[in-house]
Amino acid sequence: MPPKPTNWMMLGKMAVAGLVCCIGGPALVVYLSPTEEQLFKKYNPELQKRSLDNKNKNKKQQEFDDFVGRLKDYSKSDKHIWDVASAQGKIAREAKILDQKRIADEIKARKEEIRSFCYMKIKDMLTRLLGENRLEQDMGQLVDKNKILLRDAVSGDAIIASLFGLPPPNLFKET
């Protein structure tokens with residue numbers, strides 16, 4: 001009996017069907033599956049809150065993993081773990097204190113800048129209103145009111161009013 005001829009048409013159909021199933025199936029799944037954001041938007045508010053809480057739990061897990069990693073680093077030293085940890089804690093506290101001092105100095109410098117700016121603006125405004133001679137005479141009286149002016153100016157009321165073109169607040173009120 002002679003060998004049967006190869007049915008190339010059938011093999012071609014099978015190859016095409018296999019490619020469609022192997023490549024097209026996963027591609028269709030990827031195309032049809034929603035993203036995490038789309039799923040999150042479809043949750044009711046309670047489930048959204050739970051989902052966000054789970055993200056916080058993952059953050060706590062990450063912090064714990066970092067802690068364990070630090071402990072492993074501490075254990076590589078010849079000293080006891082608690083000695084190395086306390087030394088690292090002191091260094092971290094000192095860095096935090098220096099950072100807080102730097103922030104406090106920046107805030108203090110900013111307040112001084114605002115005070116000097118507001119004082120110059122107030123002096124300029126009074127010069128325009130009263131005139132130069134009158135301003136020099138009234139300067140002694142303004143020294144007492146200067147604290148009130150600066151307190152109001154630092155609070156930002158006068159600056160905000162001038163930025164938005166509003167009438168300035170009563171700067172000469174006694175408290």
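FYI, it's all coordinate maths here, none of it is from the lab. Computed from a prediction, not measured in an experiment: that's the story for all the values here. No Cβ is skipped: glycine too gets one built from the backbone with ideal geometry, and neighbour counts run over all protein chains shown.
So the label point goes 7 Å from the Cα of E36 along Cα→C-beta, right? Which residues of the stretch 56-74 then have their backbone N under 14 Å from it?
Answer for this model: 56-59.
Could you estimate the translational diffusion coefficient of the stretch 5-107 from the Stokes-Einstein equation, with Rh from the Kirkwood formula over C-alpha pairs, at 4 °C and 1.567 mPa s, in whole µm²/s?
63
Extension gain S86-M1, at 0.36 nm per residue separation less the Cα-Cα distance, in nm? Can you show the working numbers first?
Values: separation 85, 0.36 × 85 = 30.60 nm, distance 9.07 nm.
Gain on stretching S86 to M1: 21.5 nm.
Report the calculated FRET efficiency for I107 and D66 (r = Cβ-Cβ distance, R0 = 45 Å), to the nearest 0.05. Spell out each step's value before the answer.
Working: r = 31 Å, r/R0 = 0.68.
In this case the efficiency is close to 0.90.
Give me the Debye-computed log₁₀ of I(q)/I(0) at q = 0.11, 0.21 Å⁻¹ for the stretch 1-64, equal point scatterers on Cα only, no solvent, two decimals.
Log-scaled intensity ratios, in q order: -0.57, -0.91.
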